[in-house]
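One structure below.
The values are calculated or read from the model by the stated rules, or taken from the named source; none is laboratory data. What you see is a predicted model, and the numbers here were worked out from it, not measured in a lab. Cβ atoms come from the backbone with ideal geometry, glycine included; neighbour counts cover every protein chain shown.
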Amino acid sequence: MSDFVLKIEGGEVYDPINGVNGEICDVWIKDGKIIAPITDPNFRPTQTIDAEGLVVMPGGIDMHCHIAGPKVNTARKMRPEEKRNSDPVMRTEFTHSGTMGSVPSTFATGYKYVGLGYTTAFDAAIPPLSARHAHEEFADTPCLDKGFFTLMGNNHYVMKSIQDDEPEKLKNFVGWLLNATKGFAPKIVNPGGVEAWKNLPSGNVSGLDETVDLYNVTPRQIIRGLVTAANELKLPHPVHIHCNELGMPGNWQTTLETMKALEGHKGHLTHIQFHSYGGGEGDENTFNSKVAPLADYINEHDNLTVDVGQVLFGSTTSMTGDGPLGYFLANLYGTKWFSADTEMEAGCGIAPIKYRNKSLVHALQWAIGLEWYLLVTDPWKVVMSTDHPNGGSFLAYPQIIRLLMDATYRQDVLKTVPKEVQERSLLGDITREYTLYEICIITRSGPAKILGLKNKGHLAPGADADLTVYTPNKNKEMMFEMPRMVVKAGEIIVDQGDIRLSPEGKTLHVKPTYDTTMEKEIGEWFEQYYSIQFRNYPVSDDYLHDNEVVQSNEQ
Ligand SMILES: [Zn+2]
């Protein structure tokens, strides 16, 4: 405990979880937490920040990005041409140096995120076997609180438990695996499809009911099994789903089927933009937006949430746990390609890509992403993401905010893309503009709620003192790309664009209870099939530096 008290005085405060919409008020901070206002007239805070005329929000939360683990590391190594041509982050008294490009180095990732006012980020796809690697990289990614989702949708033990119709065994395995990896949530990527890519001539699955031969299970069974297990474990964020058939024309029906397959269970569908396409396979002439029927379904069902995976024009690096997709993209773009197999667990594909505004397909992807923000009526159900770096860099967030808050600007950009976009999407007809309150929801308060982070995304007493102070500007891109100040765990770490402190940040993970007698059988499975011994597999408690166990609301 310290006596240091920070007061942020007279700002225009946005705190949607507590219903605060632009009211002028003070925020009090002590020991890294928000505290109730001190009303004693004789009390003097240690430091007072005059926020008159400035906007105050909780720190941003990116609930889906790729910033750690072997896939990200490989992508860094694959793009020397990009590294060479981008401005590096220079070393200062407070920071390490770092490289940029579409896959910034660990240090640069932390500095750039917090420079935008983001204080928490989740890596969306870590193979269990690479958990240790991801945690080590997190330790080198400063200024952010971090967590990751553990890949499970193509795990052999998962598929075997489903084949044997042993839901209790599956539930215990999910619980054990989250403990063993110090992960935050189960992640499903192209369920069954990655396994088919590794083992079957078909190289993928289509729809939800094609059988993955090795275990004779279907994507639908994998989704249902994992969603049920995750909800029974009462995880704060039960399940994070990357649907089958990402990027394929006509995939919207598979996406709709996936939504239905959840049968009312709580679940989050990620980078939904890439899963909302009409049209026939391989036929560019019929490729079109199917956001409207999917958004209608989300509007009518409160168990479902999405993040967008917005595409922005320019070069980037695609990286995915969806092995066959990496192969597809590399062929499509004729670029270099990396593919990997994580034994028993997962796969991955990496390829450089470029989104061009003169390409009808790319322009439609851009429009489809924006349609998602604008057609989901309740902002608590939709989260801002670029699936960094897949749709574009997280550095594009201020540009997306401008596109959402300024319909005139959006129409101006729409004029620069092929005119067929207007015929094949609804974007040209949508006049909705986001308010600051709604932006605050889709960038911090909403993701906090969807992730079950009770201490983040709001400014009531007890919350982590992560917050961002912005200087209002008519141009919202300029407003959001350089916050006036960023406070992390009660310390001012960014002041007028300069990093003043570089804390390590903590790791957020879950520790669900499960039947530990199961470990004997899981151990036998490991001894039989894995290249590493069971006792060397789990990430031990002392492996993480600073960490916090996040419990479900129901526990
Ligand atoms: Zn992703």
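A few points about this structure:
- Residue in the range 244-260 that is farthest from the ligand (Cβ to nearest atom), counting only those that are at pLDDT 95 or above and hydrophobic (A, V, I, L, M, F, W, C): LEU256
- As a summary of the residue check, ASP466 satisfies the conditions (1) surrounded by fewer than 24 Cβ atoms within 10 Å (Cβ to Cβ); (2) acidic (Asp, Glu); (3) in contact with a Lys or Arg (Cβ under 6 Å, 6 or more places away or on another chain) except for the one numbered (1).
- Only one of the numbered conditions (1) within 24 Å of GLY69 (Cα to Cα); (2) at pLDDT below 95 is violated by TYR333, and that is (1).
- Flag not set for PHE328, criterion: over 30 Å from PRO201 (Cβ atoms), of a type in the set (Phe, Trp, Tyr) and more than 15 Å from the ligand (Cβ to nearest atom).
- Total residues in the range 87-142 satisfying the condition of being in contact with an Asp or Glu (Cβ under 8 Å, 6 or more places away or on another chain), crowded, with 24+ Cβ neighbours inside 10 Å and hydroxyl-bearing (Ser, Thr, Tyr): the figure is 5.
- When SER102, SER86 are checked against the criterion of being within 16 Å of the ligand (Cβ to nearest atom), in a loop (DSSP other than H, G, I, E, B) and among the hydroxyl-bearing types (Ser, Thr, Tyr), SER102 stands alone in meeting it.
- Residue list for the range 26-58, restricted to those being under 19 Å from THR471 (Cβ atoms), of a type outside the set (D, E, K, R) and surrounded by fewer than 18 Cβ atoms within 10 Å (Cβ to Cβ): THR48, GLY53
- Subset of the range 259-312 [surrounded by 20 or more Cβ atoms within 10 Å (Cβ to Cβ), within 22 Å of the chain's Cα centre (by Cα) and in a loop (DSSP other than H, G, I, E, B)]: LEU262, THR270, HIS271, SER276, VAL308, GLY309, GLN310, VAL311, LEU312
- Strands (runs of 3 or more DSSP E) contained in the range 1-76 and holding at least 2 residues within 16 Å of the ligand (Cβ to nearest atom): 60-65
- The range 476-508 - residue that is farther than 27 Å from TRP380 by Cβ and touching a helix residue (DSSP H, G or I) at 6+ places or on another chain (Cβ under 7 Å) and, of those, surrounded by the fewest Cβ atoms within 10 Å (Cβ to Cβ): GLY497
- Filter result for THR286 (away from the ligand (no atom under 15 Å from the Cβ), of a type outside the set (Gly, Ala, Ser) and modelled with pLDDT of 95 or more): no
- Close pairs from the range 387-416: first free of Cβ contacts under 8 Å to residues at least 60 places away in the same chain and more than 16 Å from the ligand (Cβ to nearest atom), partner basic (Lys, Arg) and assigned to a helix (DSSP H, G or I), Cβ under 6 Å, at least 6 apart: LEU403/ARG410; TYR409/ARG402
- Any pair with Cβ under 6 angstrom, 6 or more apart, that starts in the range 496-517 at a residue that is aliphatic (A, V, I, L, M) and ends at one that is surrounded by fewer than 19 Cβ atoms within 10 Å (Cβ to Cβ): ILE499/PHE94; LEU501/GLU491; LEU508/GLU548
- For THR386, the conditions (1) assigned to a loop (DSSP other than H, G, I, E, B); (2) at pLDDT below 95 are fulfilled apart from (2).
- Cβ-Cβ contacts under 7 Å between residues 6 or more apart (or on different chains), taken from a first residue in the range 125-153 that is within 21 Å of ILE350 (Cβ to Cβ) to a second residue that is acidic (Asp, Glu) and within 15 Å of the ligand (Cβ to nearest atom), are listed as ALA134/ASP123; PHE148/ASP123.
- The strands (runs of 3 or more DSSP E) located wholly in the range 473-555 that include 2 or more residues which are within 30 Å of LYS171 (Cα to Cα) occupy 507-509, 547-549.
- The lone exception for VAL174 - which of (1) assigned to a helix (DSSP H, G or I); (2) surrounded by fewer than 24 Cβ atoms within 10 Å (Cβ to Cβ) it fails: (2)
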